[in-house]
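Colleague: I'd like to ask you about the structure that follows.
Just so you know, all these numbers are worked out from the coordinates, no wet-lab data involved. On a predicted model such as this, the values are computed, not experimentally measured, just so you know. Please note: Cβ atoms are built from the backbone with ideal geometry, for glycine as well, and neighbour counts cover all protein chains shown.
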Amino acid sequence: MAGLGQGAARKSLLVKIVMAGESCVGKTSIVRRYTEPGSPAFSSSYLATIGIDFKVKPVTFNDTRVKLQIWDTAGQERFHTLSTSYFRGAQGFVLVYDITNLDSFQGIASWMKDIYEKAGDEVDIILLGNKCDKETERVVPKHKGEKLAWEHGIPFFETSAKDNVNIEDAFSTLTKEILEKKSCVLYDLDVVDLSESKKRTCCAL
Ligand SMILES: Nc1nc2c(ncn2[C@@H]2O[C@H](COP(=O)(O)OP(=O)(O)OP(=O)(O)O)[C@@H](O)[C@H]2O)c(=O)[nH]1
């Protein structure tokens, strides 16, 4: 701890990231894979997200401590208004489709619109084509995902929450983009209760 006082050691940036995309594309599985790497095997059973939930992942970038607050929204249509109400104040979005589900890919344009409307056009977005382990069931070619991402000027990865493919890289890329572009508020973790951010939008205090 040479050179750093107790207080400085506890400082961290807080970044709000929101998962978005149709129901069943794998948002919860991706968040779980990323935030609970030590957890047991991937679960193939589907339990729809009801409402909203968030997980916190501490990471370090170029000696900067960052707490990623990752909000997992419900993709089901009946939760759409609730889910998109959490878009406000987010600095980054992980927008997910399922490479075996054409509707989920075609729905991306509409999610983009929701994101820009609610969070502004300065936000950082990353596009993920998930379930790339299911190659035999693929209906969305990789080049289509790449083209869509290129048109929007955003990074693209094909991922598998099941096989842990590109999950870490996707979040690292998004976090890096956010940190390079934004001036986040430095929080003192001794006084900020993360549960409080359920009631207020982080980085907007
Ligand atoms: N083969 C495979 N299955 C996956 C993958 N990711 C998720 N699944 C499965 O897809 C189903 C839906 O996953 P969820 O993570 O619950 O999807 P979601 O997008 O959070 O769904 P909502 O809560 O309804 O918005 C589950 O049965 C998962 O096991 C993946 O990378 N590969």
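Colleague: Between His80 and Asp53, 0.36 nm times their residue separation minus their Cα-Cα distance comes to what? Each step should come with its number before you reach the end.
Modeller: Values: separation 27, 0.36 × 27 = 9.72 nm, distance 1.43 nm.
Residue separation times 0.36 nm, minus the Cα-Cα distance, leaves 8.3 nm.
Colleague: Now a separate question. Computed over the Cα atoms, what is the radius of gyration of region 8-147 divided by 2.2 N^0.38 Å, N being its residue count?
Modeller: Numbers: Rg = 15.5 Å, N = 140, 2.2 N^0.38 = 14.4 Å.
Cα-based Rg divided by the globular estimate yields 1.08.
Colleague: Which of the GluC sites (Glu not before Pro) across region 22-122 are loop residues per DSSP, with 13 or fewer other Cβ within 10 Å?
Modeller: Here the GluC sites (Glu not before Pro) that fit, given the DSSP loop and packing criteria, are Glu122.
Colleague: Okay, moving on. Over region 48-152, what is the relative contact order in percent, taking alpha-carbon pairs closer than 8 angstrom and at least six residues apart? Can you show the working numbers first?
Modeller: Details: 124 pairs, mean separation 24.2, N = 105.
It rounds to 23 percent for region 48-152.
Colleague: Label 7 Å along Cα→Cβ of Glu146; region 90-118 residues with amide nitrogen under 17 Å?
Modeller: Residues 99 qualify, since their backbone N sits under 17 Å from the label point.
Colleague: On to the next question. Pairs Lys113/Lys162; Lys67/Lys162; Lys67/Lys134; Lys57/Lys176; Lys134/Lys176; Lys27/Lys131: which are spaced more than 21 Å apart, C-alpha to C-alpha?
Modeller: Violating the 21 Å Cα-Cα cut-off are Lys113/Lys162; Lys67/Lys162; Lys67/Lys134; Lys134/Lys176.
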